[in-house]
1. Tyr281 - would you say it is closer than 26 Å to Ala75 by Cβ, hydroxyl-bearing (Ser, Thr, Tyr), surrounded by fewer than 18 Cβ atoms within 10 Å (Cβ to Cβ) and modelled with pLDDT of 95 or more?
2. Return the residues of region 88-107 that are open to solvent by less than 20 Å² (accessible area, probe 1.4 Å) and either of a type in the set (D, E, K, R) or over 25 Å from Lys6 (Cα atoms) (or both); say none if nothing qualifies.
3. Yes or no: Val386 within 16 Å of the ligand (Cβ to nearest atom) and within 24 Å of the chain's Cα centre (by Cα)?
4. Collect the residues in region 328-366 that are open to solvent by less than 40 Å² (accessible area, probe 1.4 Å), near the ligand (Cβ under 10 Å from one of its atoms) and free of Cβ contacts under 8 Å to residues at least 40 places away in the same chain, keeping them in residue-number order.
5. If I filter region 289-309 down to residues being surrounded by fewer than 17 Cβ atoms within 10 Å (Cβ to Cβ) and free of Cβ contacts under 8 Å to residues at least 40 places away in the same chain, which single residue comes out as farthest from the ligand (Cβ to nearest atom)?
6. For region 379-412, enumerate the residues that are of a type in the set (A, V, I, L, M, F, W, C), surrounded by fewer than 19 Cβ atoms within 10 Å (Cβ to Cβ) and either in the same structural domain as Gly53 (by TED's automatic domain parsing) or modelled with pLDDT of 90 or more (or both).
7. Of the numbered conditions (1) more than 16 Å from the ligand (Cβ to nearest atom); (2) closer than 30 Å to Ser360 by Cβ; (3) crowded, with 20+ Cβ neighbours inside 10 Å, Ala241 fails exactly one; give the number of that condition.
8. Looking only at residues that are modelled with pLDDT under 90 and in a loop (DSSP other than H, G, I, E, B) in region 244-260, which one is least open to solvent (accessible area, probe 1.4 Å)?
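The values are calculated or read from the model by the stated rules, or taken from the named source; none is laboratory data. Fair warning: this is a prediction, and the values are worked out from it, not measured in the lab. Please note: Cβ atoms are built from the backbone with ideal geometry, for glycine as well, and neighbour counts cover all protein chains shown. Each accessible area value is taken on the protein alone, full model and side chains, heavy atoms only, with ligands, DNA and RNA left out. Shrake-Rupley method; radii C 1.70, N 1.55, O 1.52, S 1.80 Å.
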Amino acid sequence: MYAMHKYWSKKPYNLVSRYIEKYSKPNEIVLDPFCGSGVTITESIRLNRRAVGIDINPTAIVSTKMGLTHIDLKALKKTFESLRSEVEQEINSLYQTNCPKCGNPQAIASHTIWNGEQIDEIWVECKACGNSKTVKKPSETDRVAALEPARPASWYPTNYLLENYRINAKAGMRVCDLFTPRALSNLSLLLEKIRQIKDEQIKSVMEFCFSAMLPQSSNMVFVIRRRGKSNGTNGNGEGKAEVGSWVIGYWIPPEHFEIHVWRCFENRFKRILKGKQEVNYAIPVSATEFLSFDELEKSQVGYLVSKGTATDLSLVHSNSIDYIFTDPPHGNRIPYLELSLMWNSWLNYEFDLENEIIVSESKVRQKNAKDYEQRLKIAFGEMWRVLKLDGYASIAFNSLDDETWLSLLNTLLAAGFKIKEITPLEYSARSVVQDTRKNALKTDFVITCRKQMQEFRQQIAFGYSEKELLIAIKDFLSSRKNGAETYEIMNCLLVSSIPTGTVFRVSQIIETIKDIATYNDGRWQLKPS
Ligand SMILES: C[S@@+](CC[C@H](N)C(=O)[O-])C[C@H]1O[C@@H](n2cnc3c(N)ncnc32)[C@H](O)[C@@H]1O
């Protein structure tokens, strides 16, 4: 059920659930103020907790709700079939082409391979002769059919992407430029028909399916060409084409696919049907959606999922949350709202760029590291406010260099949290490897802290000499008969040093371990002196 819609940095559900089980009890309230696709919320409900999910991205909120709500599968399938009977033929009419095998003029171009403005290859599906894939070279009529469709689109999003070279969003590029005119026409027809569905719940699943299939129906699907005996070659001596997928960002590869819109929708629908089946099975029927926190507090089971900003959690009462598990945006890694613009624009969702916590290279936004840190600080302050005294908050972070570690820990301490433990999300020593480019750790880390009264707030700085670090590691390793994993050493050294106000540098810890210990079977043992 977590594969219904693409989202970035989805956390493995089985690992998230371990934290929820460890730090909260049944019926307690778990909050994720950066809930993304909703893994924390769904896992909390599965484990009989109540849950509050907040995210600034409307697509994230829709995905989260899709992982929670039951649906009548029979009615869903029935609506899909009536949608098919309403639109499939009309959609097909724009992909009509001659079958190279039997000459049938009403065969269908299921896949069209473009090379810049030209079509290189068409995969033909023919009901008359029964061939499901015959590769042919296009005629001029085929090109015109795609570029000047007989039925123009009634509506499509014409708004501009936010220029950002990191995600290939070029100046002047609009959402509609990601699709061929034929795809735009068929997508607008499909969306129009979905909007006419009377049952609101079923309509929302179909809209979700529409959103989820958009990347595969765009010009961003690259062509994989593998050469080899079993693959054969096309007429130009190139390997046979295989369908790739959407890579991150708005890159239109010179050689790309245009896939039949209904085929994309149908394939995605199968996946969503499977996902919704799993949701029906995993989520208790009693898990109600509440629209206010008061109602959620009075209930025994249920959730509140709302679009909003983590910097203003005013819909949640102070001292009311039992546990927080969250995974905030990590610096400039993924500009969520910019990347979701395609989905949010097609579905007409409103989004709040101003309050997004992100570092963005986009020149049209003022989203620098300072803005990111300030907003994250406010969000941590809000998390502290809503958490019960002595309650735990686990915050997932990735690939931090020394300075970012220090700033993150100081932000948490300044908000009034006490650091309890630092664990790698994977629970595996082998995955704790050093990212040598940044002198940082590649692994996702979870910092678990506890709410304490704010008068105990403290700040930390780097300190300690190499000699002191050496002694600390030696002491720790000699106290462990079977050695220790990298994260255990880090956790011990960092967490125990925080109360002194001075901490070790992560990069230095790793370098020193390598000098004085040997690594075997995932564990460090002191070298004999
Ligand atoms: C690392 S992702 C979370 C992914 C999530 N753990 C999952 O498994 O899908 C961070 C999320 O923070 C959201 N976000 C960014 N700024 C926000 C803000 N001010 N308030 C709430 N959410 C925000 C982004 O939209 C994104 O979904």
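1. Numbers: closer than 26 Å to Ala75 by Cβ: yes; hydroxyl-bearing (Ser, Thr, Tyr): yes; surrounded by fewer than 18 Cβ atoms within 10 Å (Cβ to Cβ): yes; modelled with pLDDT of 95 or more: yes.
Yes: the conditions hold for Tyr281.
2. Restricting attention to region 88-107, the residues satisfying the condition of being open to solvent by less than 20 Å² (accessible area, probe 1.4 Å) are 91, 94-95, 97, 99, 107.
Selection gives Leu94, Tyr95, Thr97, Cys99, Ala107.
3. On the way: within 16 Å of the ligand (Cβ to nearest atom): yes; within 24 Å of the chain's Cα centre (by Cα): no.
No; evaluated as a whole, the condition is false for this residue.
4. From region 328-366, those open to solvent by less than 40 Å² (accessible area, probe 1.4 Å) are 328-331, 334-347, 356-360, 362, 365; that's our starting set.
Then keep just the ones that are near the ligand (Cβ under 10 Å from one of its atoms); that gives 328-330, 334-337, 339-340, 356-358.
Result: Ile358, single match.
5. Lys298
6. In the first step, residues of region 379-412 are kept if they are of a type in the set (A, V, I, L, M, F, W, C); the result is 379-380, 383-384, 386-387, 389, 393, 395-397, 400, 405-406, 408-409, 412.
After this cut, where a residue has to be surrounded by fewer than 19 Cβ atoms within 10 Å (Cβ to Cβ) as well, the list is 389, 406.
Of everything in region 379-412, just one residue is of a type in the set (A, V, I, L, M, F, W, C), surrounded by fewer than 19 Cβ atoms within 10 Å (Cβ to Cβ) and either in the same structural domain as Gly53 (by TED's automatic domain parsing) or modelled with pLDDT of 90 or more (or both), namely Leu389.
7. (2)
8. Start the filter on region 244-260 by keeping residues that are modelled with pLDDT under 90, which leaves 244-248.
Those still in the list that are in a loop (DSSP other than H, G, I, E, B) too: 247-248.
On the way: Val247: 62, Ile248: 90 Å².
Taking the candidates together, the pick is Val247.
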